[in-house]
1. Could you tell me which of the residues Val19, Val61, Val33 is closer than 22 Å to Lys129 by Cβ and either buried (at least 16 other Cβ atoms within 10 Å of the Cβ) or touching a Ser or Thr at 6+ places or on another chain (Cβ under 6 Å) (or both)?
2. Out of curiosity, is Val49 out of contact with any Pro (no Cβ under 6 Å at 6 or more places or on another chain), among the aliphatic types (A, V, I, L, M), modelled with pLDDT of 95 or more and in a helix (DSSP H, G or I)?
3. Given (1) surrounded by 13 or more Cβ atoms within 10 Å (Cβ to Cβ); (2) farther than 27 Å from Glu128 by Cβ; (3) in contact with a His (Cβ under 8 Å, 6 or more places away or on another chain), identify the lone condition not met by Val55.
4. Considering Leu108, Leu117, which residue is within 23 Å of Leu11 (Cα to Cα), free of Cβ contacts under 8 Å to residues at least 40 places away in the same chain and either in contact with a helix residue (DSSP H, G or I) (Cβ under 6 Å, 6 or more places away or on another chain) or in a strand (DSSP E or B) (or both)?
5. Only residues that are farther than 13 Å from Ile62 by Cα, buried (at least 18 other Cβ atoms within 10 Å of the Cβ) and either modelled with pLDDT under 95 or polar (S, T, N, Q) (or both): list them for region 84-103, please.
Amino acid sequence: MEPWTIQLGELDRKMGVEVLEQSPERVVATMPVDGNRQSLGLLHGGAMVAIAEAVGSWAAVIHASTMGKVAVGVDINATHHASGHTGIVTATATAIRLGRTLTSHEVLVTDESGQRLCTARITNAIVEKKR
């Protein structure tokens, strides 16, 4: 196992997240719409933000691990463009900046047809590991 292999957290597992690709520059994961809907039957906006935070943070953690450090989230913002109804959504985190103290990633959440459902930007601080 690579030192940066992503370990899914409890929420990720409950949401059905599956990681397809992982590096500091790019993390890609999928999530089913089923089980992640809000009361109107649409994909929950919070679920889109949760997967966006997951992939952006994972990329930052991978980057931080190359310096013997860890990453912690300091900011996330998201714009919802369209609703998810069925199938699988894909979240792709792409590095904007990989620094020594901060990382920034843009995250696109798309449906199976490639339609953009959500755009998020996440910033993580690179910090020393607590002992």
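The values are calculated or read from the model by the stated rules, or taken from the named source; none is laboratory data. The model shown is predicted, which means the values in this text are computed figures rather than measured ones. All Cβ positions, glycine included, derive from the backbone under ideal geometry; neighbour counts span all protein chains shown.
1. Exactly one of Val19, Val61, Val33 is closer than 22 Å to Lys129 by Cβ and either buried (at least 16 other Cβ atoms within 10 Å of the Cβ) or touching a Ser or Thr at 6+ places or on another chain (Cβ under 6 Å) (or both), namely Val61.
2. yes
3. Unmet for Val55, out of (1) surrounded by 13 or more Cβ atoms within 10 Å (Cβ to Cβ); (2) farther than 27 Å from Glu128 by Cβ; (3) in contact with a His (Cβ under 8 Å, 6 or more places away or on another chain): (2).
4. Just one listed residue meets the conditions, Leu108.
5. Thr90, Thr92 - these are the residues of region 84-103 that are farther than 13 Å from Ile62 by Cα, buried (at least 18 other Cβ atoms within 10 Å of the Cβ) and either modelled with pLDDT under 95 or polar (S, T, N, Q) (or both).
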